[in-house]
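In what follows, a structure is listed as structure tokens, so that the remarks can point back to it.
The values are calculated or read from the model by the stated rules, or taken from the named source; none is laboratory data. Note that the coordinates shown come from a computational prediction; the quantities given were computed from them, not determined experimentally. In case anyone asks, the SASA skips ligands and DNA or RNA and just uses the protein heavy atoms, side chains included. Shrake-Rupley method; radii C 1.70, N 1.55, O 1.52, S 1.80 Å.
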Amino acid sequence: MKMKKLTALLLATLMVLSLAACGAKGDSKTENSGDTAQTEEAAATHKSLMDRENEILSENTELWEKVFLAADKGMAMIEDGKNYGDFLLDTIESAKDQFSDEEYALLKKSAQEISEIENKLTELEKQHPEILNEETDANGDVQKFPSFEGKDLDGNEVKSDELFSANAVTVVNFWFTTCSPCVGELSDLDALNKELADKGGALIGVNAFTLDGDETAIAEAKEVLAKKCATYQNVYFDSSSPAGTFTSNIFAFPTTYVIDRNGNIVGEPIVGAITEKNQAETLQSLIDQAIAADAG
């Protein structure tokens, strides 16, 4: 998924889930017209900022890859009270010995710009919480989760088409073994999987270290899952596959997606552990949305 979708999700927890109607009835047409114009202007500014952030992260990809690999070693991907730019700045600072002075200066400048963009995005979304919906409607795109043929950690064949079509909703959680927030939510994810089973759904995990069937990583993942009494299915696939590329483009963990029966991604990804209130509420909302749509 493009980085702009990731940053949109990082800010989405600030959104109001529903909009209250306002304004006097007698002047509703005039006020609605003004509101529409303001929303369109805000949406255009929002998109421009997102495009710029995506552009920054698309430049110097080898350097950013080193940053993201360094971030994978951290205890937490996103800390409360910090935006994605702050996260990048902290990661760059902690890994500065991996870069030349010129590379460090370039990355730091870029991350500072991203932080400023994130602050502007946050303010826009506070003032116009409807703009993300506006952008989605305008694009009209339905993104499918990349299809895959892989295996679960016990070696059983898994095909995404068969997996998704069998469930009214499938929750896909991306994690890795040494990510503290990831491991911390495993028990909650297992409980959610049991709840979903009663509603015709399921939850699966994708441990980023187990791609390509890495035996050591699989053994470690199984051990961690067992300690957390998590019995839901975890799968892996080739890193060179579309799903593998998709996984490599996830830069914050844990990240969770909601998928409908047709393999379509519902809403935006949820970044951060579902043990947090905002993430849990957003996830439940997307699950309910997928189940309601499946019921017709």
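A few remarks follow.
- Links that overshoot a 29 Å alpha carbon limit, given the list 120/199; 109/144; 151/199: 120/199; 109/144
- Restraint check, 159/277; 96/228; 194/277, Cα-Cα greater than 25 Å: 159/277; 96/228
- Alpha-carbon centroids, the range 183-239 and the range 249-296: separation in whole Å: 16 Å
- Using a probe of 1.4 Å, the accessible surface attributed to residue 157 totals some 140 Å² when neighbouring protein chains are kept in position.
- Largest accessible area first, the residues 229, 182 order themselves as 229, 182 under a 1.4 Å probe with ligands, DNA and RNA left out.
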